[in-house]
Every structure is written in structure tokens, then in C-alpha cells.
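The values are calculated or read from the model by the stated rules, or taken from the named source; none is laboratory data. Model, not experiment: these values are computed from the prediction. Cβ: placed from backbone, ideal geometry, glycine included. Neighbour counts: every protein chain shown. Side chains are part of the model used for accessible areas, which takes the heavy atoms of the whole protein and leaves out ligands, DNA and RNA. Shrake-Rupley method; radii C 1.70, N 1.55, O 1.52, S 1.80 Å.
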Number of protein chains: 2
Amino acid sequence: MIKAVDWQEGVLWIIDQTLLPHRVERRALTDYRGVAEAIRSMRVRGAPAIGVAAAFGVVLGAREILEKGEDFPQKFEEVLSTLAKTRPTAVNLFWALDRMRRVYEQSEHRTPKEMLRALEATAVRMLEEDIQANRAMGQYGQQLLQDGWTVLTHCNTGSLATVSYGTALGVIRAAREAGKEIKVIADETRPRLQGARLTAWECLEEGIPCTVIADGAAASLMRQGRIQAAIVGADRIARNGDVANKIGTYMVALACQAHQIPFYVAAPLSTVDLSLASGEEIPIEERPPEEITHIEGVRIAPEGVKVYNPAFDVTPAELVTAIITERGIAYPPYEKSLPSLFEQANKRFDRVPW
Amino acid sequence: MIKAVDWQEGVLWIIDQTLLPHRVERRALTDYRGVAEAIRSMRVRGAPAIGVAAAFGVVLGAREILEKGEDFPQKFEEVLSTLAKTRPTAVNLFWALDRMRRVYEQSEHRTPKEMLRALEATAVRMLEEDIQANRAMGQYGQQLLQDGWTVLTHCNTGSLATVSYGTALGVIRAAREAGKEIKVIADETRPRLQGARLTAWECLEEGIPCTVIADGAAASLMRQGRIQAAIVGADRIARNGDVANKIGTYMVALACQAHQIPFYVAAPLSTVDLSLASGEEIPIEERPPEEITHIEGVRIAPEGVKVYNPAFDVTPAELVTAIITERGIAYPPYEKSLPSLFEQANKRFDRVPW
């Protein structure tokens, strides 16, 4: 399986996703600014992958401060803030940075070297947990998919969006590993074309039958009875179950509702932001107009045209059939089911796992 | 105003829309095969423009047969069939070819030269009628749009899709000419990007405020209250009011329904196919996979991936608030309102105008 994010002897390795599917190029990141740039420019993307990459960014930043003998508390804040400012919507980023900050805050009695080791150990644990969480999500989620189904997915939620296995695409993988014949329909997912570029590539690599469609074709296929379920990832889920995810997700959910097709969301609990009452409070990133006016550097829209380019939208909880997490499946009302999954998690680990 | 289709001294002039918005190039077509190629490759596109271009294709074909002294009835069928085989969904094409065939069939008493003149006169009349029909649609339709509204449109339905004024974009033009401050949101309209390339260009040329969005962003904007109506064109409308239009239209209509936003269709009566009971009978063109895997010649999806690329979808009548035609506005139930517009038309002209 592809490893989108990896840590080897003090170096963060990512697959540069802006070059896919044309070239599979690994990039070594040895500096927190490079990590921030990679997140901002979407060389590494997908909420869980962003979280883990940012955690290693903190390790690289802390190492640099110590090597240069700079003022730790002040510079460490700078590292955290540089990484935090890359992308506003995916909460996994802030969750990862908070967790790293806590390790630092609990390190007063440690030598600088010990603290660095603790930071690194935490980031490595997050990487491993991500794979485990994906596998668990896969096991829970695959029970919702029936043999022979064709499943629509939006954006990329596979190995490339996580450390390795995937969230929504991981559930599809798990269903296939369980012997079910599941086919994938991949929305191309404008503007960044993660479906056409990344999901299609992952599916081809692994022999998962996959058909790419224009985003506008999804409802039409549902009406023809050619799609039995939709499953997507998430960048942030509010306490009430509202889901922020890649722009276009809300239209998929509306189409599912109109055709009485289940609409599933697969995301680790690190994506759930219990501090937000509803999706209205989720900040939505707007990205550069060039993502719309140009494709692969080629201009398509006329010069001077106005563009609105939100990277995400919010799907209201009432359109979400179920939310698949690594601790089980949450059903409506999410106000109750989501917090209860957190409580289970706390009990099992005897403290919050992060 | 731009003239997308024009006839000058025996030559059919079109703007090559595959080159827009980068280059405005007129192309002279002097041969019916060239007209067929231009329709197939979407150099000329938009249901009404296709109809008129095909009519002139028939004129060019008939002229060639006479010049070469070929067997007229047989060769004429070949001309009609070559033009008919270009694109299956827009009924205006078949409507135009039928009308031209009827002129030929009524020409037994005419000399070849007279028949050619009659064919040319009919095609010229269709061109003029198209402009008049657009203007009339604009006048009827603009009453539905309120001052200050932002109106979503999908694909291109402006001058470029017709002879000159436009259907859905024509209605927006008419509202602005009537002094209403209407803003346009243009879906980019994958795969062929008629919104980003053509609608945006037309709007810029004429100073109509226009913002381009990814197709997936429409519902999100509606939820934010930033869109007050959607208006689209049509390629074929069945007797019951089901509307075949550019792929993605159905998702726009579903989003309108979910947000209680009016969804209008603007199309001349030549787009209404009373012979079809419902949209299920409308043939939907599938176009080459390269429209999805490549953009402007640049590959975006991995080699070997499967693609499904329907050019159109069908929006069921129950999602259509009103259909704006050159003879007035039809409201549900369309089974009654559409035929009655045809009857009015017949009375006014004292025979079917085509």
C-alpha cells in the first residue's frame, strides 16, 4: 500500500500529490517551513494526512530551534503558528498541533533532548494511530456496503489523504478485502481534480474498478439506479453532525437524499470538533482563483473574470445517514452519538488518546 | 452583439467556440461536411445555433449536388443524414432538418435553382426567427427576475449558443436592458467548460457582472442565500416538461428545490418535442472520454482509467418552476401548457411556422 506520509531517520517523506498521476515523486522535508509550504500548496493533503504531517513539522521545528540554540518558547510558538496558518478548515491540523503543544507543555522536567524525543514519539504514534484508525473505520464501515454495490465517492480519501489506508476509500477497500464486489464511481472533484487525479490513480494501482465522471453527472447516475451509496471523508464535523468536506460534497448529499441513497461519512474522531455547535461555525477556506481559471497551468477562463473558489462546503447533519469512525458508527441524532463515541474512547484509553 | 452564426453571400460563418476565450476566430464553412464536423466537434454549439447551422448545411449540400449534377433525391438524403448524425440530443437539429426536407418535398414544381433559393430563404428565415424568438423569450422571461437578484446559470445559453441574443442568458440580458441590476453566477460546466470559457467571456464583453464557480459550489452558495434564481437553456423538452440539458443541470435543479429557489428553463418552441411523452425517451449523447481525462489537451487523469461522459441529463418536470418560450411562459402542468403554446403559435401564423 502507498505510504503518503512517512518518517525515516529524522526526515519527513511525502508523495508530492501535485505531480500525480503523472509522476510518483517522493519529497524529503527536513524543515518546518517546507512542511507548511507542502500543506498550503496541497503537495500533502487530506485532513488526516495534514494532521500527521503537521505533527512532524513541529518535530522538525523543535529540532531546528535546539540546534540553533534559539529561545525555545518564543520560537516554538512561531513554528506552531506557521503550521496552523496553512489551511483553516481541516480540524485535524489544529488537533495535531494542540497535541504536540501539550507534549511540550508537559516537558518542563525534561532535558531539551528528552523533549524532542517525546515530540517525535508522539508524532510517530499519531502516524501509527492513523493507520489503525483507518483500519478500524474500514471494519466498521464495510458492514454498511453490500456485495455488488457501486459506490460514489468525492475528492480523494484513500491512502493519499491519510498516512496509508484511507477513510472513505478505506471503507471501500475493507469491503473488497471482505470479499464484496464493490465498484467505485469517482467524481472528478473540481477544482483540484483529486478524484480524477488521485482516487482514479489509487484505484488503478490496486485493481479497484473505478469510473471517473464529471461532478455534474452524479445525480443523473443515481436517477438511473447506477449508484447504491455515496461515501465521503470530512475535514471537520461539528457536534450536531454537520460535515465540512470538499466543495461539491453537499450537492452529492442532496442528490442522495432525492434518490433515497445512503450518504455516509468516514472520518477519525480527530475530525470531530465538539467545540462547534453546528457547521455554521466552521471556517471555510477560500483558495486562489487560479484553481478555477487555470488547469495544470493552462488558462481556461477569460482574463479579468471574477471567481469564487471555496475549498469546502457544509453538508447539514440531516442529510448524513451515518458517520463512520474508528470507534464505531454514529447515527442521528449526532448530538448524542458523537459525544458518546468520545466517551468510549476515553474509557478505553483511560485518558483522551491525544 | 456577437453573431455566432451568420450567412453572407453563400458562406456560413461561425465563431469557432473551441478557441474561445483565447481567440475570437471566425470560420467560413462552404461545404456541408464542414458544417457537420463543426457541429460534432462543438465549434458551433447550443441547441438553437446547431439547428440554424444545420439548415445552412443543407443549403450548402443542395448547392453542391446541383453544381456537380448528382442524383438529387439520393444525395440530398445523404446530406440530411450526415448532418443528423452529428449530435443526438438537441432536437433543434432534427427540427431544422425536417423543416428543410419539407421545403424540398414541396419543390416538385420548382426548377433546381428555385428550390435552392427556397432552401436558402428558409434557412435565412430560421436565422432571423431565432433572434426574434430570443428577444421574445427575453421579454417574457425578464419579468420573472427581480431587480438586485443574483442568478445562477449553467453551460452557455447566450449569443454563442444561438444566432445572437441567447435563451437563458438572453433573459438575463433583457432584464438588465429593462434596468434591473442582475448579477450572474456561472457554473464552469465540466467537462467542456462552456460556463468558464463562453458565458464568462460573453459577460465580460458586455459588462454583465459575472462570477465563475466550480459546478460543485452551486448548492453551497444557495444555502448562503447568495443565489435568488437559476435559469438554464434546454436541448430537448418532452411533452410532460422533462428537460434534457447540459450534464449537471439536474443537480442544479435539485439544489434549487432544496433551497426553494425558482428553477427556470428558457428555450424556443423548436426545443419542445411533443412526440416524446417524457424525458426517459430522450436519447442522451455520450461523448469521448478525453473530455474528462484531458483539459485543453493536457492529461489530468491516469492512463487506462474508465470514464462515463454523458453530455446531458434530464431534469424531471416537477423541479421546473416555469419554461420560458417565445410564445409565453409555460407553468405546470406542462402536459397542458406546452401544447397550448403551440396552438397559439399555429393560430398566429395560420399554419405551423415551420
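Points to keep in mind about this one:
- Qualifying residue in region A:236-252 (condition: of a type in the set (A, V, I, L, M, F, W, C) and over 18 Å from A:Ala317 (Cα atoms)): no
- Failed item in (1) away from chain B (no Cβ under 14 Å); (2) within 27 Å of B:Ile292 (Cβ to Cβ); (3) touching a strand residue (DSSP E or B) at 6+ places or on another chain (Cβ under 9 Å), with A:Leu127 passing the rest: (2)
- From the list A:Thr249, A:Thr211, the lone residue that is in contact (Cβ under 8 Å) with a residue 12 or more places away in the chain, of a type outside the set (A, V, I, L, M, F, W, C) and under 24 Å from A:Val91 (Cα atoms) is A:Thr249.
- So A:Phe263, is it surrounded by 22 or more Cβ atoms within 10 Å (Cβ to Cβ) and more than 10 Å from every other protein chain (Cβ to nearest Cβ): yes
- Scanning region A:235-244 for residues that are open to solvent by less than 10 Å² (accessible area, probe 1.4 Å) and either on the phi < 0 side of the Ramachandran plot or at the interface with chain B (Cβ under 8 Å from one of its Cβ atoms) (or both) turns up A:Ile237, A:Ala238, A:Val243, A:Ala244.
- Conditions (1) open to solvent by 10 Å² or more (accessible area, probe 1.4 Å); (2) within 21 Å of B:Arg43 (Cβ to Cβ); (3) away from every other protein chain (no Cβ under 11 Å): number failed by B:Glu181: (2)
- Inside region B:152-164, residues that are buried (at least 24 other Cβ atoms within 10 Å of the Cβ) and part of a loop (DSSP other than H, G, I, E, B) make up a count of 7.
- Flag for B:Val11 being surrounded by fewer than 20 Cβ atoms within 10 Å (Cβ to Cβ), of a type in the set (A, V, I, L, M, F, W, C) and closer than 26 Å to B:Gly158 by Cβ: yes
- Being of a type in the set (Ser, Thr, Tyr), within 13 Å of another protein chain (Cβ to nearest Cβ), out of contact with any Cys (no Cβ under 9 Å at 6 or more places or on another chain) and in contact (Cβ under 8 Å) with a residue 60 or more places away in the chain is not true of A:Thr271.
- When region B:165-178 is limited to residues that are in a helix (DSSP H, G or I) and β-branched (Val, Ile, Thr), the one that is farthest from the other protein chains (Cβ to nearest Cβ) turns out to be B:Val171.
- Every listed requirement among (1) at positive phi; (2) more than 9 Å from every other protein chain (Cβ to nearest Cβ) is met by A:Thr189 save one, (2).
- Residues that are more than 22 Å from B:Pro48 (Cα to Cα) and either hydrophobic (A, V, I, L, M, F, W, C) or not in a helix (DSSP H, G or I) (or both) within region B:103-143 comprise B:Gln106, B:Ser107, B:Glu108, B:His109, B:Arg110, B:Thr111, B:Met115, B:Leu116, B:Gln143, listed in sequence order.
- Here A:Asp16 passes the criteria (1) open to solvent by 10 Å² or more (accessible area, probe 1.4 Å); (2) over 18 Å from A:Lys85 (Cβ atoms) except the one numbered (1).
- For region B:77-97, filtering for residues that are small (Gly, Ala, Ser), under 16 Å from B:Pro268 (Cα atoms) and modelled with pLDDT of 95 or more leaves 1.
- Matching residues, region B:207-228, being more than 8 Å from chain A (Cβ to nearest Cβ) and surrounded by 21 or more Cβ atoms within 10 Å (Cβ to Cβ): B:Met222, B:Ile227
- Scope region B:280-310; condition open to solvent by less than 30 Å² (accessible area, probe 1.4 Å) and facing chain A (nearest Cβ under 10 Å); matching residues: B:Glu291, B:Ile292, B:Thr293, B:Ile295, B:Ile300, B:Ala301, B:Pro302, B:Val305, B:Tyr308, B:Asn309, B:Pro310
- The single residue among B:Ala186, B:Ala200, B:Ala174 that is modelled with pLDDT of 95 or more, under 28 Å from B:Trp95 (Cα atoms) and open to solvent by less than 10 Å² (accessible area, probe 1.4 Å) turns out to be B:Ala174.
- The criterion of at least 1 residues that are more than 29 Å from A:Glu205 (Cα to Cα) and of a type in the set (Asp, Glu) is met by the following helices (runs of 4 or more DSSP H) wholly inside region A:1-96: A:47-68, A:72-84.
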